[in-house]
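We did not get these values from a lab; they are worked out from the coordinates using the rules stated. In this text, all values refer to a predicted model and were calculated from it rather than measured experimentally. Glycine gets a Cβ as well: all are built from the backbone with ideal geometry, and neighbour counts include every protein chain shown.
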Amino acid sequence: MKKNKLLTIMLIILVSITLLGVVAVVVVTQLNKGAEPKVESIDDVVASSVDIEEITTNIKEDNYVKIALKIQTSNKDAAAELTKRDFQVKSILIDELSEMSREDLEGKKGKELLESTLKTKINELMQEGEVQQVYITSYIIQ
């Protein structure tokens, strides 16, 4: 009698563990479905990007920089809005550059900091989507 009762308890525990495992696998696969990254084609990226023509401006310590940008947005409507806000983007760019020295802009980290700062500041203006990436397409410092 005790062996039969022990066998029943073991079967119940085994079935419970199996059910928990199945539920865990189902939950994990369902959560990962939404996490698949969406890969945009280069045509979509170009269509949702805006070129900021080359500008020349002073930076700290009697130096100047010539810089041009390409700004990638989340969609075509955001790109259209950003095109209209071109003058505001240039103003932000000039303001940020005027606070930076030659040393701040040199190297990869300096450029990444500028790109990140511009992305944040421009996103504060945007109403139709957002800036996803800022690319420096031309850069000369003297």
Taking first residues from the range 57-82 that are touching a residue at least 60 places away in the same chain (Cβ under 8 Å) and in a strand (DSSP E or B) and second residues anywhere that are surrounded by 16 or more Cβ atoms within 10 Å (Cβ to Cβ) and small (Gly, Ala, Ser), the pairs with Cβ under 7 Å that are 6 or more apart or on different chains are LYS70/SER49; ILE71/SER49; GLN72/SER48; GLN72/SER49
What about GLU54, is it in contact (Cβ under 8 Å) with a residue 12 or more places away in the chain and out of contact with any His (no Cβ under 9 Å at 6 or more places or on another chain)?
-> yes
